[in-house]
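Enquirer: The structure follows.
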């Protein structure tokens, strides 16, 4: 691959020179120079083609060797063990095992069953080639938190995905000869459109070859949760955009329990899965807010507030309270391959590192503004 890139860069440089000459009223010397460049470009193109064929032959031979080796090995290996070995082969040889080839042929597939994605190197030498305990993961919850609140996950999407909703309509009795009211049942749609979520990480070749599979398995959770946390933050940001008319102002002066009651009263439709959500600072405020007068009863107790379950996430937008129908929060992923890992062996070759990139196509949205209210309680916190 490096040789091909070098040849392609050289060819591009010569073509630029040819282009510059072609814009001139060329003399005999310049024509001869152009002809010489033309021959060199043709030779380079042939060399590039030969190099590509050679690489394909090498990969084909290597894949056959791997296939033969795996016939006996695969019987006793788990999915994660097979994937770790496949990742190492991909990173060092550029060959992807058939089991983990994405449909589009780009990168290496990260199976859903792993519930965590690529591997991350460590700079801690004590974690190399040793028997170790579970890796401690300290990042906030991600997709697991969204699933806990019963958000709707839309998977394998293809193209834009519409979330239509119809506002509440009103019917009423009329006097004799009077006109009935006109219903407006035109659906309003929130659109989920594919966006790229991802990140990069460098790993040394030494770490890749020496690190225990147990370490790799534990570290998988770190990036998975980081990707999930990004989804949580984006989902609640999209909530405020998709339901901009539902930003409450009932709490302009202070956060009293009346704010909580008014939030609930402002929702006029039936809720399938009503929940409250906010960050830790908001939660801690309500944990010490007494709503029982002389009889101590705090606003937030036993994971509930005003009869609704409360979900707390440390990374939610500051000073905001969300009351909403969790089933109307949609988390969308696009394509049959949810996450792809791509290797770049050359960007950091000077330092002996391999860089990988994890990518996922996803989008988030809130389907029905009538089932949500968002209150700002910054005045009291």
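Enquirer: Within segment 192-227, restricting attention to residues that are at pLDDT 75 or above and part of a loop (DSSP other than H, G, I, E, B), which residue is nearest to residue 88 (Cα to Cα)?
Expert: Taking the candidates together, the pick is 194.
Enquirer: Scan segment 8-38 for residues that are outside any helix (DSSP H, G or I) and either within 48 Å of the chain's Cα centre (by Cα) or not assigned by TED's automatic domain parsing to the domain that holds residue 48 (or both) and report the count.
Expert: Number satisfying all stated conditions: 1.
Enquirer: If I go through segment 317-330 residue by residue, how many of them are surrounded by fewer than 23 Cβ atoms within 10 Å (Cβ to Cβ) and touching a helix residue (DSSP H, G or I) at 6+ places or on another chain (Cβ under 8 Å)?
Expert: 5
Yes/no per residue for (1) modelled with pLDDT of 90 or more; (2) part of a helix (DSSP H, G or I); (3) outside the structural domain of residue 297 (by TED's automatic domain parsing):
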{"site": "229", "(1), (2), (3)": "no, yes, no"}
{"site": "237", "(1), (2), (3)": "yes, yes, no"}
{"site": "254", "(1), (2), (3)": "no, no, no"}
{"site": "259", "(1), (2), (3)": "no, yes, no"}
{"site": "270", "(1), (2), (3)": "no, no, no"}
{"site": "283", "(1), (2), (3)": "yes, yes, no"}
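Enquirer: So residue 314 fits all but one of (1) crowded, with 21+ Cβ neighbours inside 10 Å; (2) in contact with a helix residue (DSSP H, G or I) (Cβ under 8 Å, 6 or more places away or on another chain); (3) within 30 Å of residue 196 (Cα to Cα); what number is the exception?
Expert: All conditions are met except number (1).
Enquirer: Now for a separate question. Any residue at all in segment 289-305 that's surrounded by 13 or more Cβ atoms within 10 Å (Cβ to Cβ), outside any loop (DSSP other than H, G, I, E, B) and touching a residue at least 60 places away in the same chain (Cβ under 8 Å)?
Expert: no
Enquirer: Continuing with this model, one more query. Looking for whichever is outside the structural domain of residue 86 (by TED's automatic domain parsing), in a helix (DSSP H, G or I), at pLDDT below 80 and under 34 Å from the mean Cα position of the chain (by Cα) here; the options are 63, 68. Which one fits?
Expert: Exactly one residue qualifies, and that residue is 63.
The values are calculated or read from the model by the stated rules, or taken from the named source; none is laboratory data. All figures in this text were calculated on a predicted structure; none of them were measured in a lab. Cβ sites come from the backbone with ideal geometry, for glycine too, and all protein chains shown count toward neighbours.
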